[in-house]
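Here the structure comes first, spelled out in structure tokens, and everything after it is commentary.
The values are calculated or read from the model by the stated rules, or taken from the named source; none is laboratory data. Being a predicted model, the structure only gives us computed values, none of them experimental. Here the Cβ positions follow ideal geometry from the backbone for every residue, glycine too, while neighbour counts run over all protein chains shown.
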Amino acid sequence: MHSNRSPVWCYNTRRRIRDLGLQRRDSSGAGLPIFTLYDYSFRPPDVTREKALAWAEEQGICATDEVLLHPDPYATRDMWCAALVSRFEARLESAVREKPDLPLIIANHWPLHESVVHLPAVPRFRLWCGTTRTGDWHTRFHAKVVVSGHLHLRRTDWVDGVRFEEVSLGYPRQWERARSLGKDINSFLREILPGPLVVGQEGVTQWRPNGDIICSGTRESSRNQ
Ligand SMILES: [Fe+2]
């Protein structure tokens, strides 16, 4: 699957996932790293797959992946995404079969659920933020926590009673902002398990731009923007 044209991070991430498999950290849960990519399906219902890139370009938005991330040996990134989804779906099924009572932490680079994608500055960038194929994995595989990055908008959400943590470390300019507030990299670390004693409110986002929760608000979707 490796191409000389593919970004190194991509190859390394896939290799890490293959090497790691199901990771049991302690008696309180098991972490399963997955890698599912995107397939442009986070888009309004009236925008077809064929028109999706043009829809984003209307607002001047196009991910650098379109130039830098080559899907070979798959013909398209959509097909690569579908293959990855099948692969990790089987992995999750077997993890749940092996340890049905063990709390599962699903860790993915991309958000697993479309409702936690809100990009006020670049709403149509959502095309490159995941796939609707994973939309029920948090309940279907009985996840305790779902962890993701990619958005660079740190937040906590509760979806169907499952905690979703966006834990991106972000860019150096974001670290500088935190530093100016007297914080450091430790401020960005998030407790995954055991986690908060109180279950959060469904449909409410806790925003954590510098680690701590600074505000909570009704979860917004930029799907139709
Ligand atoms: Fe990313």
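The figures follow:
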{"quantity": "Selection count where residues are out of contact with any helix residue (DSSP H, G or I) (no Cβ under 7 Å at 6 or more places or on another chain) and β-branched (Val, Ile, Thr), scope the stretch 36-59", "calculated": "1"}
{"quantity": "Qualifying residue in the stretch 95-113 (condition: away from the ligand (no atom under 16 Å from the Cβ), among the small types (Gly, Ala, Ser) and surrounded by fewer than 17 Cβ atoms within 10 Å (Cβ to Cβ))", "calculated": "no"}
{"quantity": "Considering residues of the stretch 202-222 that are touching a helix residue (DSSP H, G or I) at 6+ places or on another chain (Cβ under 7 Å) and in a loop (DSSP other than H, G, I, E, B) only, the residue farthest from residue 31 (Cα to Cα)", "calculated": "222"}
{"quantity": "Subset tally (residues that are outside any helix (DSSP H, G or I) and out of contact with any helix residue (DSSP H, G or I) (no Cβ under 9 Å at 6 or more places or on another chain)) for the stretch 165-178", "calculated": "2"}
{"quantity": "Tally of residues being farther than 21 Å from residue 119 by Cβ and crowded, with 19+ Cβ neighbours inside 10 Å across the stretch 129-140", "calculated": "1"}
{"quantity": "Neighbours by Cβ (under 6 Å, 6+ apart or cross-chain): first from the stretch 202-225, within 22 Å of residue 160 (Cα to Cα); second in a loop (DSSP other than H, G, I, E, B) and modelled with pLDDT under 90", "calculated": "203/219; 205/219; 206/213; 207/214"}
{"quantity": "Filtered residues of the stretch 189-201 (kept if of a type in the set (D, E, K, R) and either touching a helix residue (DSSP H, G or I) at 6+ places or on another chain (Cβ under 7 Å) or loosely packed, with under 12 Cβ neighbours inside 10 Å (or both))", "calculated": "191"}
{"quantity": "Any hit, the stretch 169-177, residues being among the aromatic types (Phe, Trp, Tyr), within 27 Å of residue 42 (Cα to Cα) and either surrounded by fewer than 17 Cβ atoms within 10 Å (Cβ to Cβ) or within 16 Å of the ligand (Cβ to nearest atom) (or both)", "calculated": "yes"}
{"quantity": "Filtered residues of the stretch 134-164 (kept if assigned to a strand (DSSP E or B) and either in contact with a Leu (Cβ under 8 Å, 6 or more places away or on another chain) or away from the ligand (no atom under 16 Å from the Cβ) (or both))", "calculated": "143, 144, 145, 146, 148, 156, 157, 158, 159, 162, 163, 164"}
{"quantity": "Which listed residue, of 44, 123, is surrounded by 12 or more Cβ atoms within 10 Å (Cβ to Cβ) and within 17 Å of the chain's Cα centre (by Cα)", "calculated": "123"}
{"quantity": "First in the stretch 167-182 and closer than 26 Å to residue 108 by Cβ, second anywhere and modelled with pLDDT of 90 or more and not in a loop (DSSP other than H, G, I, E, B), Cβ under 8 Å, 6 or more apart", "calculated": "167/147; 167/148"}
